[in-house]
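*Asks:* Before anything else, here's the structure in question.
Values in this text are rule-based calculations from the coordinates and carry no lab data. Bear in mind that the values here come from a model prediction, so they are computed numbers and not experimental data. Glycine gets a Cβ as well: all are built from the backbone with ideal geometry, and neighbour counts include every protein chain shown.
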Amino acid sequence: MTPRPIEKPDRARIKTLLTKNKINRRVSRLAARISRDYAGKKLTVVSVLKGGVVFFADLIRRLEVDCSVDFISLSSYDGKSSSGKVTLLSDLKESPKGKHVLIVEDIVDSGRTLKYILKSLARKGALSVRTCVLLDKVSARKTPVRVDYRGFTVPDRYVIGYGLDYNEHYRGLPHIAVIED
Ligand code: 5GP
């Protein structure tokens, strides 16, 4: 049976949580810190698709270190709720063995997705692995996971915009927003 499409939330219900300017300033600060920490090293920056792609694109353009990029795609959400199970949809194209890897993620919620990636990279012999997360729902954590570079701590609400979707809607919003019930 074809699943019933989940309605696109009305614009009137969308409220800004973080403005475009606030995000820009924070991304620049994160990029400056990362550039300092990796000065003189070659870095592999991994974007977690799809939600992290806007943050990733803004971040790498501000990095002052030599970096290559790779992509990984996982799924743990079904509509607006976490399924609790992480599925690998598409793995890295290059081996992380012997490389300094920075994982760039849009948001950490339960922590399961990031933990899955960290374990996988350690198993594959990465030289070092750090995490850079734009949004951290600290109060929703189900499993402890290390966040090395954090943009903002956000409340345990479903957020959209700046790459984050609601059933593939609103990824292109330039700011981060919540949907009012
Ligand atoms: P975790 O495994 O930490 O529970 O969830 C991480 C993934 O779930 C994120 O990469 C993101 O794709 C999705 N996610 C978690 N919270 C939100 C949210 O508030 N909004 C959106 N759009 N995605 C979320």
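*Asks:* Give the total of Lys-Lys pairs in the range 61-181 with Cα-Cα distances below 24 Å; include a pair only if its members are 8 or more places apart or on different chains.
*Replies:* Close lysine pairs under the 24 Å cut-off: 23.
*Asks:* What is the calculated FRET efficiency for residue 179 to residue 26, with r their C-beta to C-beta distance and R₀ = 22 Å, to the nearest 0.05? Write out the running numbers ahead of the final one.
*Replies:* Details: r = 22 Å, r/R0 = 1.01.
The formula returns an efficiency of 0.50 here.
*Asks:* Something else about it: With the crude spin-label approximation of a point 7 Å out along Cα→Cβ, what separation in nm comes out for residue 97 versus residue 73?
*Replies:* 2.6
*Asks:* Can I ask one more? Pick out, in residue order, every one of the GluC sites (Glu not before Pro) in the range 76-181 that is DSSP loop and has at most 14 other C-beta atoms within 10 Å; say none if there are none. Each step should come with its number before you reach the end.
*Replies:* Details: sites: 94, 105, 168, 180; in loops: 94, 168, 180.
When the GluC sites (Glu not before Pro) of the range 76-181 are filtered for loop state and at most 14 Cβ neighbours within 10 Å, 94, 168, 180 remain.
*Asks:* Given N residues in the range 85-146, what is Rg(Cα) / (2.2 N^0.38 Å)?
*Replies:* On the way: Rg = 11.8 Å, N = 62, 2.2 N^0.38 = 10.6 Å.
Normalised by 2.2 N^0.38 Å, the Cα Rg of the range 85-146 equals 1.12.
*Asks:* Can you sort 34, 14 from fewest to most other Cβ atoms within 10 Å of each residue's own Cβ?
*Replies:* So the residues, fewest neighbours to most, are 14, 34.
*Asks:* Follow-up. Taking 0.36 nm per intervening residue step and subtracting the Cα-Cα distance, what contour gain separates residue 88 from residue 66 on full extension?
*Replies:* Values: separation 22, 0.36 × 22 = 7.92 nm, distance 2.79 nm.
Stretched fully, the residue 88-residue 66 segment lengthens by 5.1 nm.
*Asks:* Calculated FRET efficiency, residue 127 and residue 171, Cβ-Cβ r, R0 25 Å, to nearest 0.05?
*Replies:* Values: r = 33 Å, r/R0 = 1.31.
For residue 127 and residue 171, the calculated efficiency is 0.15.
*Asks:* Still on this structure, I have one more. Mind running the shape call on the range 56-181? Use the C-alpha gyration tensor, a ≥ b ≥ c as the square roots of the eigenvalues: rounded below 1.5 for a/c, prolate if a/b tops b/c, oblate otherwise. Can you show the working numbers first?
*Replies:* Working: a/c = 1.75, a/b = 1.42, b/c = 1.23.
It is prolate, given that a/c is not under 1.5 and a/b is the larger ratio.
*Asks:* Continuing with the same structure: Taking 35 Å as R0, compute the FRET efficiency from the Cβ-Cβ separation of residue 10 and residue 156 and round it to 0.05.
*Replies:* Details: r = 22 Å, r/R0 = 0.64.
E(calc), rounded to 0.05, equals 0.95.
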